[in-house]
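Visitor: A single structure is presented below for examination.
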Amino acid sequence: MVTKAIIKAFQRKKDRNWDKTYWGFDIHETIILPNWSEVDIPITFYPHAKEVLQLISAKKDIICILFTCSHPNEIKVYEKLFKENDIHFDYVNENPEVHGVKYGYYEKKPYFNVLFEDKAGFDPLEDWQKVKEVFLAHYSTESA
């Protein structure tokens, strides 16, 4: 479950004195309800996805990366949609901040601490609310 990855990322950030973590987000079947159309680009958010992404992307210590197989013309539509909904992604399909380091080679695979991906088990109908709870709990205790 992605909440375990979030908790682990927050703990590693604290333990290793990192100034930020990197979170990757797939679009279809994760943020946006798919329609499997080759013509119409789906733009309907899953319940809670928009609200949680607004919270996450507002944090300066989280770098948000859009990780998608969408075509370039679709990515432009999604970037506009997200911007209009106050959701901000720092990068698309890349993480230029982390390259080859001692523990891994990230020239072709973007580095993430957390990955929201339906094919990796993320369930958008259940997990967005759980992510919100873990996220808010972390930031409420961090500021206390």
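The numbers here are math on the coordinates, done by the rules we state, and not lab data. As the structure is a computational prediction, the values presented were derived from the model and not from experiment. No Cβ is skipped: glycine too gets one built from the backbone with ideal geometry, and neighbour counts run over all protein chains shown.
Visitor: What per residue convex hull volume, in Å³, do the alpha-carbon atoms of the range 31-79 yield?
Guide: Convex hull of Cα atoms, per residue: 79 Å³.
Visitor: Roughly how far apart, in whole Å, are the Cα centres of the range 36-86 and the range 120-136?
Guide: Cα centroid of the range 36-86 versus Cα centroid of the range 120-136: 16 Å apart.
Visitor: Give the share of C-alpha pairs in each 5 angstrom bin for the chain, from 0 to the last occupied bin, in whole percents, shortest bins first.
Guide: Taking every Cα pair in the chain, the percentages come to 2, 9, 18, 24, 21, 14, 8, 3, 1, 0.
Visitor: Any idea what angle helix 124-142 forms with the longest principal axis of the chain, computed on alpha-carbon atoms, 0 to 90 degrees, nearest 10?
Guide: The angle comes out near 30 degrees.
Visitor: For the range 2-112, give me the percentage of DSSP beta bridges that are antiparallel, rounded to the nearest 5 percent. It would help to have the intermediate numbers written out before the result.
Guide: Working: 2 of 10 bridges.
In the range 2-112, approximately 20 percent of DSSP beta bridges are antiparallel ones.
Visitor: Using per-residue counts of other Cβ atoms within 10 Å, averaged over each peptide, order 13-20, 27-34 from highest down. Could you put the intermediate results ahead of the total?
Guide: Values: 13-20: 10.6, 27-34: 19.6.
Answer by packing, highest mean first, reads 27-34, 13-20.
Visitor: Across the range 31-99, how many lysine pairs, 8 or more apart or on two chains, come within less than 17 Å at their alpha-carbon atoms?
Guide: On the way: Lys50/Lys59; Lys50/Lys80; Lys50/Lys83; Lys59/Lys83; Lys60/Lys83.
So the count works out to 5.
Visitor: Mind pulling the angle between the C-alpha long axis of helix 2-15 and the longest principal axis of the chain? Nearest 10 degrees, somewhere in 0 to 90.
Guide: Roughly 40 degrees between the two axes.
Visitor: Can you tell me the length gained on complete extension of the stretch Lys8 to Glu117, counting 0.36 nm per residue apart and subtracting the Cα distance?
Guide: Values: separation 109, 0.36 × 109 = 39.24 nm, distance 1.71 nm.
Taking 0.36 nm per residue and subtracting the Cα distance, the gain is 37.5 nm.
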